[in-house]
Amino acid sequence: MTPNRPYLIRAMHEWICDNGLTTHLAVDAHYPGTEVPQEFVQDGQIVLNIAPRAVTAFEAGNEAITFSARFGGVPRTVYVPVEAVMAVFARENGQGMAFEPTEPPPEPPAPPEPDNDDKPSRGSHLKVVK
């Protein structure tokens with residue numbers, strides 16, 4: 001089955017907005033792939049206002065949440081993998097949902113170093129023809 005976190009985030013956002021409140025996301029700012037204004041990160045976290053009046057081009061997909069917003073008057077684009085979302089809640093009353101931390105995926109192994117030898121490798125079926 002697909003993870004339910006993106007569906008729950010979207011549902012909570014809609015519920016909070018339908019009740020006239022302001023949706024906020026608590027985000028692990030150091031989760032791989034997260035692109036947020038680092039100058040606003042505190043203790044490795046950032047709280048983002050994702051209310052419709054605060055953001056433009058908002059998209060909450062199954063892999064990530066993206067939008068544009070102003071931070072200190074400067075327009076910025078934000079990219080948050082859904083696994084980086086720690087909570088979604090209403091600013092006014094704190095109602096919402098928290099999520100268990102997600103371990104980042106392991107980094108892929110580094111590609112092997114290329115051989116710089118001009119000699120053909122042993123076992124090759126190719127021959128140098130002059």
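The figures follow:
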{"quantity": "PRO32 being open to solvent by 60 Å² or more (accessible area, probe 1.4 Å) and touching a helix residue (DSSP H, G or I) at 6+ places or on another chain (Cβ under 7 Å)", "calculated": "no"}
{"quantity": "Test set (1) over 12 Å from the mean Cα position of the chain (by Cα); (2) at pLDDT 90 or above - LYS127 fails condition number", "calculated": "(2)"}
{"quantity": "Residue list for region 82-108, filter: open to solvent by less than 70 Å² (accessible area, probe 1.4 Å) and either farther than 18 Å from ALA51 by Cα or at pLDDT below 95 (or both)", "calculated": "GLU83, ALA84, PHE99, THR102, PRO104"}
{"quantity": "Residue count for region 52-68, restricted to those that are within 20 Å of ALA90 (Cβ to Cβ), out of contact with any Leu (no Cβ under 8 Å at 6 or more places or on another chain) and touching a residue at least 24 places away in the same chain (Cβ under 8 Å)", "calculated": "3"}
{"quantity": "Residue in region 45-58 that is out of contact with any Lys or Arg (no Cβ under 9 Å at 6 or more places or on another chain), open to solvent by 100 Å² or more (accessible area, probe 1.4 Å), in a strand (DSSP E or B) and modelled with pLDDT of 95 or more present", "calculated": "no"}
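Every residue, every condition in (1) over 27 Å from MET1 (Cα atoms); (2) out of contact with any Pro (no Cβ under 7 Å at 6 or more places or on another chain), yes or no:
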{"position": "ASP43", "(1), (2)": "yes, yes"}
{"position": "ALA57", "(1), (2)": "yes, yes"}
{"position": "SER68", "(1), (2)": "yes, no"}
{"position": "ARG76", "(1), (2)": "yes, no"}
{"position": "GLU83", "(1), (2)": "no, yes"}
{"position": "GLY96", "(1), (2)": "no, yes"}
{"position": "GLU100", "(1), (2)": "no, yes"}
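The values are calculated or read from the model by the stated rules, or taken from the named source; none is laboratory data. Because the structure is predicted, anything quoted here is derived from the model rather than measured. FYI the Cβ positions are ideal-geometry reconstructions off the backbone, even for glycines, and counts take in every protein chain you see. Note: accessible area is taken over every heavy atom of the protein model, side chains too, but ligands, DNA and RNA are not part of it. Shrake-Rupley method; radii C 1.70, N 1.55, O 1.52, S 1.80 Å.
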